[in-house]
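For reference, the structure is listed below as structure tokens.
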Amino acid sequence: VVNEPLSPTTGTAFVWTPPREAVAFRGAVVSLPQLGTVTISSPQSLLVVDRATGRVAITVDVGEPAKYGVVAAFVATLPRSRVVTLTPTQILMPGLVDGHAHAPQHSFAGNGLDLPLLEWLETYTFPAEAAFADVAHARRVYDAAVARHLRAGSTTVSYFGTIHRAATLELVDACERRGQRAHVGKVSMDVNAPAYYVEASADAAADAAETFCRAVLDRNDANAEANAKAQAKAKAKAKAAPPAAPRPEDEGPHGRPAPPLVTPTVIPRFAPSCSARLLARLGALSATLDLPVHTHLSENRAECEWVRLLFPGAKGYADVYRVAGLLHRKAYFAHCCHCDAAERGLVRTGGAGVVTCPTSNFVVGRAQCDVRAWLDEGVDVALGTDVAGGWSTSVLVALRHVIVASRIVAERDADPRKALTEPEALYLATRGGAAVLGLADEVGDLTTPGFLFDALLVECAGSEHAAYDSFDDVPHPGAAAAAVSNGRAPQSASPHRRPRLARLFEQFLWNGDDRNILDVYVAGRRVAGARTPGSFSVGGGAMSAVASRVRAVWRRCAPDTAAAWLDTALVGTTCAAAVAALVLTTRAR
């Protein structure tokens, strides 16, 4: 137990129980305390992760000197390999949450986007998904899809599978093998689909969905039992050794076990492809096993009209799901572009969430979601890539598109308030997504002890190896005008007044891609990233700093050709290669 001395003003002490096994990060941390607010801590901030549970143990900045001193003293006791020091242009941020993606459609992402929704389904989607009857094919595509989503920074994804139970279990395997947090569901559909891609009956479809869900739940129970035994064994071993100091039984919120990595989900494809009996049975399945429901709602006008004809007794599209027991606090609906006030009220009353997919809405959906209207209703909203209606696996692309789409909606409705800000869009991509998927108390926050360390270590500065460039001498937009009005030349304008890292982080949000995402962590474990796995033993920031220093010095003293060679060599370099380059640089000087 680490104790802060008694405070003369409060008479209380800061008592903190560090994890038995810890890893620490020193650098700027992004937090989103509420919709519309983004804060970036100082580069001296310290974040400690409990390696046993993958949870944040504590995050502290220099603005809290007493706490900071206690945590810094603890971090100083850790081996160098357990401390990651970020550079001044790097940042830790919460992992991205993709609320809606079709894993099998990764096989044809970027094709057929000239077609509207229903034609696109018939021409591309159903034939491609039917191929997943071949489990080997499914295994190959799903592994690639999960890897690609992880590299794009999506630490949590809610996936549609196909109607094939065995193939969808391969998707679960891929998520567990790759270390991605996921909601995964077998798609259910028994009507209005091609004969080669439809289930035999409502009961057959519902039974297959239940078998799939129970298989995943059983696997989660087995994993939890194995983890509990392993932790008990580790604690017993620790107690056998002479303790450095007494520890309380309750080790704080970071000591809680992590939830299962994969959550089974009930997925009726959408109302037109499900009979009333199938919808009702799926609603009962969700209630019996207390599982999330993930489906589509009001994506396309032709689809909405089709639902009206198929379910004439319903009061609207959402009411079809309500009647079947599929609209509740664990349900979330993708798109929701054509929902009127009554339908929004129905979703709100049911406690369900919304996943807006602006990229696919622009192309196959041909409409946009009024996100502000949903937020005003108090409904949680997430972002979704909707691969392959959306062509990119990157939630960053969806983040940019939701801002653009909201400005179009604001202009259309003559209501500037409907335009989303960058902080609001980032909230939807992180904490909003967590709330929609029922993970609001688990992921999306790196500053509250007990939250899972699902995080990205991002290089915010542009370079020749990124998709953009960054410059430190950009003038403040208002400074040049002020300088001219005062009779001075614009060149004398002061630099941009916002902190440098804030400007670079904004550049990353608009221009960055997987090349900027150096490390992807899920529950404290590095699972992906642009940095070559295994390249570093002293922490990511240290290696990046060495590479940057080597490049800068070499360019001052080496021929252009040698500098170009060094730039190439330092991409994904190993520690040994960087040290060798440093030696060569010293000799050249």
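The values are calculated or read from the model by the stated rules, or taken from the named source; none is laboratory data. Note that the coordinates shown come from a computational prediction; the quantities given were computed from them, not determined experimentally. Cβ placement follows ideal geometry from the backbone for every residue including glycine, while neighbour counts extend to all protein chains displayed. We work out accessible area using only protein heavy atoms, side chains counted, and drop any ligands, DNA or RNA first. Shrake-Rupley method; radii C 1.70, N 1.55, O 1.52, S 1.80 Å.
If you take the beta carbon distance between Ala166 and Arg308 as r and set R0 to 22 Å, what does 1/(1 + (r/R0)^6) give as a FRET efficiency, to the nearest 0.05? Write down the numbers at each step before the final one.
Numbers: r = 36 Å, r/R0 = 1.63.
Between Ala166 and Arg308 the formula returns 0.05.
Along the stretch 355-368, what does the Karplus equation 6.51 cos²θ - 1.76 cosθ + 1.60 (θ = phi - 60°) give for ³J(HN,Hα), rounded to whole Hz, x for Gly and Pro?
10, 8, 10, x, 5, 6, 4, 5, 10, 6, x, 6, 7, 10
For the stretch 15-169, what is the per residue volume of the convex hull drawn over the alpha-carbon atoms, in cubic angstrom?
Cα-based convex hull of the stretch 15-169, divided per residue, equals 181 Å³.
What does the charge count around Ala467 come to, taking other residues whose C-beta lies under 15 Å from its C-beta (Lys +1, Arg +1, Asp -1, Glu -1)?
With Lys, Arg at +1 and Asp, Glu at -1, the neighbours total -3.
Using protein chains only and a probe of 1.4 angstrom, how many square angstrom of Tyr468 are accessible, to the nearest 10?
About 20 Å², ignoring ligands and nucleic acids.
Highest mean first, what order results for 436-445, 290-299, 69-78 on Cβ atoms within 10 Å? Walk me through the numbers on the way to the answer.
Details: 436-445: 22.4, 290-299: 23.9, 69-78: 16.1.
Descending mean neighbour count gives 290-299, 436-445, 69-78.
Each label point is 7 Å from the Cα along the Cα-to-Cβ direction; what then is the distance between the points at Thr39 and Ala232, in nm?
Between Thr39 and Ala232, the label points sit 4.1 nm apart.
Using 0.36 nm times the number of residues separating Leu115 and Ser81, minus their current alpha carbon distance, what extension gain do you get?
So the extension gain works out to 7.1 nm.
Of the peptides 407-417, 158-168, how do they stack up when ordered by the mean number of other Cβ atoms within 10 Å, highest first?
Numbers: 407-417: 12.6, 158-168: 24.4.
Highest-to-lowest ranking by the protection proxy: 158-168, 407-417.
Please state the charge dipole magnitude for the stretch 166-223, taken about the Cα centre, from unit charges on C-beta atoms (+1 on K and R, -1 on D and E), reported in debye and rounded to the nearest 20.
So the magnitude is around 340 debye.
Not counting ligands, DNA or RNA, and with a 1.4 Å probe, what is Arg82's accessible surface area in Å² rounded to the nearest 10?
Accessible surface of Arg82 is approximately 60 Å².
Using a Cα-Cα cut-off of under 14 Å, which aspartates and glutamates could be cross-linked to Lys418, ignoring same-chain neighbours fewer than 8 residues away?
List returned: Asp370, Asp376, Glu377.
Along the positive direction of the dipole of the stretch 315-472 (beta-carbon charges: Lys, Arg +1; Asp, Glu -1; about the Cα centre), which of Gly353, Phe453, Val404 reaches farthest?
It is Gly353.
What is the distance in Å between the Cα centroid of the stretch 145-216 and that of the stretch 421-443?
So the separation of the two Cα centres works out to 23 Å.
Assign one of three labels to the stretch 356-405, namely rounded, prolate or oblate, based on the Cα gyration tensor with a ≥ b ≥ c the square roots of its eigenvalues; rounded applies when a/c is under 1.5, prolate when it is not and a/b is larger than b/c, and oblate otherwise.
prolate
Compute the accessible area per residue over the stretch 68-110, keeping the other protein chains in place, probe 1.4 Å, unit Å².
30
Report, in debye and to the nearest 20, how large the dipole of the stretch 1-148 comes out about its Cα centre when Lys and Arg carry +1 and Asp and Glu carry -1 on their Cβ.
Dipole about the Cα centre, nearest 20: 820 debye.
Set the Förster radius R0 to 56 Å, insert the Cβ-Cβ distance between Arg301 and Arg525 as r into 1/(1 + (r/R0)^6), and round the FRET efficiency to 0.05.
Between Arg301 and Arg525 the formula returns 0.80.
With θ taken as phi - 60° and the coefficients 6.51, -1.76 and 1.60, list the Karplus ³J(HN,Hα) couplings across the stretch 278-290 in order, rounded to whole Hz; mark glycine and proline as x.
With the stated coefficients, the stretch 278-290 comes to 5, 4, 5, 5, 5, x, 5, 4, 4, 5, 5, 9, 6 Hz.
Can you return the aspartates and glutamates within cross-link range of Lys330? Criterion is Cα-Cα under 12 Å, with same-chain partners fewer than 8 residues away left out.
Excluding near neighbours in sequence, the set is Asp290, Asp380.
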